[in-house]
Structure formats: structure tokens, C-alpha cells
């Protein structure tokens, strides 16, 4: 039987996002704004190497439209 591992999905609340773009500046490899101002995650889930960038993106969002949480999944 395998042990649980943690994955880190980056959740975007599109109803809160105002397309300021601070998050895309903090984590350009993880997030992008499209031509219509909608935010898209480029990594599903966030890799271990990119967690610090994802956390920075969450912190700089002025409307708290991003959430990064550890989720345990069976290996």
C-alpha cells in the first residue's frame, strides 16, 4: 500500500480576479492573462520547484483571487 503525497493545486477564483497582473509578474511560468483579461494557470498542479513562486503570486493578489493548498493524494 502506498503512502499519501501532497500536490499543490493553484485555484483561481475568476469571479474575484480583476486582471491586475501582479500574480503573472510574480509567477510568469505559472500564470498568464489572456487577451480578454482571464487568468489561466499553466501548471496543474504546481511543481515542488515552483511552490515559492505560486506563494508569491497568492500574496501579491490585491483581491485574494488565488489559493494554493496542499492536497494529499494516494501514491
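Computed per residue of the chain from DSSP H runs no shorter than four, each worth -39500 (n - 2.57), the mean residue ellipticity at 222 nm is -5000 deg cm²/dmol. Compared with the alpha-carbon gap, the fully stretched path from residue 74 to residue 47 is longer by 8.0 nm at 0.36 nm per residue.
The reciprocal of the average 1/r between distinct C-alpha atoms defines the Kirkwood hydrodynamic radius, which for region 1-44 equals 11.9 Å. Note on residue 40 and residue 7: their simple-model spin labels are 2.0 nm apart, each label 7 Å out from Cα toward Cβ. Axis of helix 51-60 versus longest Cα principal axis of the chain: the two differ by about 40°, to the nearest ten degrees. Using the alpha carbons alone, the radius of gyration of the chain stands to its Kirkwood radius in an Rg to Rh ratio of 1.03.
FYI, it's all coordinate maths here, none of it is from the lab. Owing to the predicted nature of the structure, the values given are computational and were not obtained by experimental measurement. Counting neighbours? That spans all protein chains shown, and the Cβs are built from the backbone with ideal geometry, glycine included.
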